[in-house]
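Written out below as structure tokens is the structure these notes cover.
The values are calculated or read from the model by the stated rules, or taken from the named source; none is laboratory data. Fair warning: this is a prediction, and the values are worked out from it, not measured in the lab. Every residue, glycine among them, receives a Cβ derived from its backbone with ideal geometry; neighbour counts consider all protein chains shown. Only protein heavy atoms, including side chains, enter the accessible area calculation; ligands, DNA and RNA are left aside. Shrake-Rupley method; radii C 1.70, N 1.55, O 1.52, S 1.80 Å.
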Amino acid sequence: MKRAVVALVLASLSVTVAAADTYRFGSQVVSTGDSEGRLRQVAGKPDRETPIETRRGGLEGYRLEYYRRGKSVQIEVIDGKVASISQLEN
């Protein structure tokens, strides 16, 4: 029984690690959890920057958009950390 519980815990941890978003800018990689400073150091100035507001109208973070090779890479930065990375075809 203990082995089944340990196996279940290890499997859930591996799924969490595999779910991390990453994107490569040149020879460097940006991942969820990286700081905004690291993102800007690696990726440079975004082509578009949109504020993300809370339900009450306060500033929660930013959506940074980079245009690369016919694709749009959107990176959400919340509380100074990369929260999500998504890639859209143009």
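Scanning region 56-76 for residues that are over 13 Å from Tyr23 (Cα atoms) and open to solvent by 40 Å² or more (accessible area, probe 1.4 Å) yields a count of 8.
Before we move on, is Leu39 open to solvent by less than 50 Å² (accessible area, probe 1.4 Å), assigned to a strand (DSSP E or B) and hydrophobic (A, V, I, L, M, F, W, C)? Talk me through it step by step, then tell me what you get.
Values: open to solvent by less than 50 Å² (accessible area, probe 1.4 Å): yes; assigned to a strand (DSSP E or B): no; hydrophobic (A, V, I, L, M, F, W, C): yes.
The answer is no for Leu39.
Contact map, region 39-62: residues that are aliphatic (A, V, I, L, M) paired with residues that are open to solvent by 30 Å² or more (accessible area, probe 1.4 Å) and not in a loop (DSSP other than H, G, I, E, B), Cβ distance under 6 Å, separation 6+ or inter-chain. Pairs shown: Val42/Gln28; Ile52/Glu60; Ile52/Arg63; Leu59/Pro51.
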